[in-house]
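The values are calculated or read from the model by the stated rules, or taken from the named source; none is laboratory data. Only a predicted model underlies this, so the values are computations on that prediction, with no experimental measurement involved. Counting neighbours? That spans all protein chains shown, and the Cβs are built from the backbone with ideal geometry, glycine included.
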Amino acid sequence: MPTKPDLRVNIGRIELQNPVMTASGTFGYAKEYAELVDLNRLGAIIIKGLSLQPARGNPPPRIVETACGMLNAIGLENVGIESFEKEKLPFLETLDPPIFANIYGRTIEEYAALAQRIEALDAIAGIEVNISCPNVKAGGLAFGTDPQAASAVVKAVRNQTTKLLIVKLSPNVTDITEIARCVEAAGADALSLINTITGMAIDIETRRSRLANMTGGLSGPAIKPVALRMVWQVAQTATIPIIGIGGIMQAEDALEFLIAGATAVEIGTANFINPQATVDIIDGIEAFLAQHNISRITEIVGTLVH
């Protein structure tokens, strides 16, 4: 029997059994998928974004299907850190893969306070910082679109935690490599990209937006070419691991991101279409490596031919 390919990858000091992670906001707090997916097969689990206080999110309608994807304006609805600790964490503690908490805030102080709370939770391996949130002290400008604001958030979180720190980058910028360099210098251990692209859909009969929030985040296959390009660009300048996100529906998509320079990938919208997408992608990656006589997944990372 030939030896099975080695799918292990390292994100900073944390080893994943394979490069397939769940994207925040598409996998709940993991328990929602427990009867559909063997959660212990995943490389890592990133939970739904957390805030200091519970958040109700935006009013409906807040999800709209679009050509090759979907728009969402959920508004980061979540139970808040306190309820998370009491109600969600006990189940997550029973799982084998590393658990990452995605966090967001409206002020730098909120990000720092959340990081401090999570630092005390042994079951959480690391933090993914969502910097695509409006800075209420800067008139609603998203932290992730301004290099100085992004750096300030990352520094504040870094000062409160020794855990692995992943920063999730917004694509709604002129030059994503500038933001990447700034947050790496501020203390990020890894980068995940991309977050959703701002978009909208209109009902021509009512002449109203199909989303109550007017605009939403576009995800799914429609954004994959943009995400792939940005991952490749950032891979040219970053010295820390990159996690690719954006329209990954099958193993071939994930492999493209790895070849472009990502060490791991996050699966998002695909979970809504096929709840077993994550394990299907793991199986597909393994089959590809075996077919091409590649012994380790790391052998293909960043191998794009110029």
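Points to keep in mind about this one:
- Within segment 66-101, the set of residues being among the acidic types (Asp, Glu) and surrounded by 14 or more Cβ atoms within 10 Å (Cβ to Cβ) comprises 77, 85.
- Test for residue 7: is it in contact with a Pro (Cβ under 6 Å, 6 or more places away or on another chain) and either under 28 Å from residue 298 (Cβ atoms) or surrounded by 19 or more Cβ atoms within 10 Å (Cβ to Cβ) (or both): no
- Filtered residues of segment 262-277 (kept if in a helix (DSSP H, G or I) and touching a Phe, Trp or Tyr at 6+ places or on another chain (Cβ under 8 Å)): 271
- Of all residues assigned to segment 25-38, none qualifies as being in a strand (DSSP E or B), closer than 22 Å to residue 190 by Cβ and not hydrophobic (A, V, I, L, M, F, W, C).
- Meeting the requirement of 1 or more residues that are of a type in the set (Gly, Ala, Ser) and in contact with a helix residue (DSSP H, G or I) (Cβ under 8 Å, 6 or more places away or on another chain), the helices (runs of 4 or more DSSP H) wholly within segment 88-187 are 108-119, 147-158, 176-185.
- Contact map, segment 275-303: residues that are closer than 23 Å to residue 45 by Cβ paired with residues that are assigned to a loop (DSSP other than H, G, I, E, B) and of a type in the set (Ser, Thr, Tyr), Cβ distance under 6 Å, separation 6+ or inter-chain. Pairs shown: 301/263.
- Check on residue 165, out of contact with any Cys (no Cβ under 7 Å at 6 or more places or on another chain) and either closer than 30 Å to residue 16 by Cβ or basic (Lys, Arg) (or both): yes
- Residue that is farthest from residue 239 (Cα to Cα), among those in segment 188-205 that are in a strand (DSSP E or B) and of a type outside the set (D, E, K, R): 202
- Being surrounded by 19 or more Cβ atoms within 10 Å (Cβ to Cβ), part of a helix (DSSP H, G or I) and touching a residue at least 12 places away in the same chain (Cβ under 8 Å) is not true of residue 259.
- Segment 190-211 - residue that is in contact (Cβ under 8 Å) with a residue 60 or more places away in the chain and of a type outside the set (Ser, Thr, Tyr) and, of those, surrounded by the most Cβ atoms within 10 Å (Cβ to Cβ): 195
- Set 174, 161: member being touching an Asp or Glu at 6+ places or on another chain (Cβ under 8 Å) and either surrounded by fewer than 14 Cβ atoms within 10 Å (Cβ to Cβ) or of a type in the set (Ser, Thr, Tyr) (or both): 161
- Pair list, Cβ under 8 Å, 6 or more apart: segment 145-168 residue closer than 19 Å to residue 238 by Cβ and touching a residue at least 40 places away in the same chain (Cβ under 8 Å), other residue among the acidic types (Asp, Glu) and crowded, with 21+ Cβ neighbours inside 10 Å: 166/128; 168/128
- Filter pass, residue 15 being in a loop (DSSP other than H, G, I, E, B), acidic (Asp, Glu) and free of Cβ contacts under 8 Å to residues at least 12 places away in the same chain: no
- Screening segment 1-50 for residues that are over 23 Å from residue 168 (Cα atoms) and among the polar types (S, T, N, Q) and picking the one that is modelled with the highest pLDDT gives 40.
- Inclusion of residue 83 among residues that are within 16 Å of the chain's Cα centre (by Cα) and at pLDDT 95 or above is not warranted.
- Checked against (1) basic (Lys, Arg); (2) under 19 Å from the mean Cα position of the chain (by Cα); (3) not in a loop (DSSP other than H, G, I, E, B), residue 48 passes all but condition (3).
- Filtered by the rule that a residue be outside any strand (DSSP E or B) and touching a Pro at 6+ places or on another chain (Cβ under 9 Å), segment 230-247 gives 230, 246, 247.
- Checked against (1) surrounded by fewer than 19 Cβ atoms within 10 Å (Cβ to Cβ); (2) among the hydroxyl-bearing types (Ser, Thr, Tyr); (3) more than 18 Å from residue 9 (Cβ to Cβ), residue 239 passes all but a single condition, namely (3).
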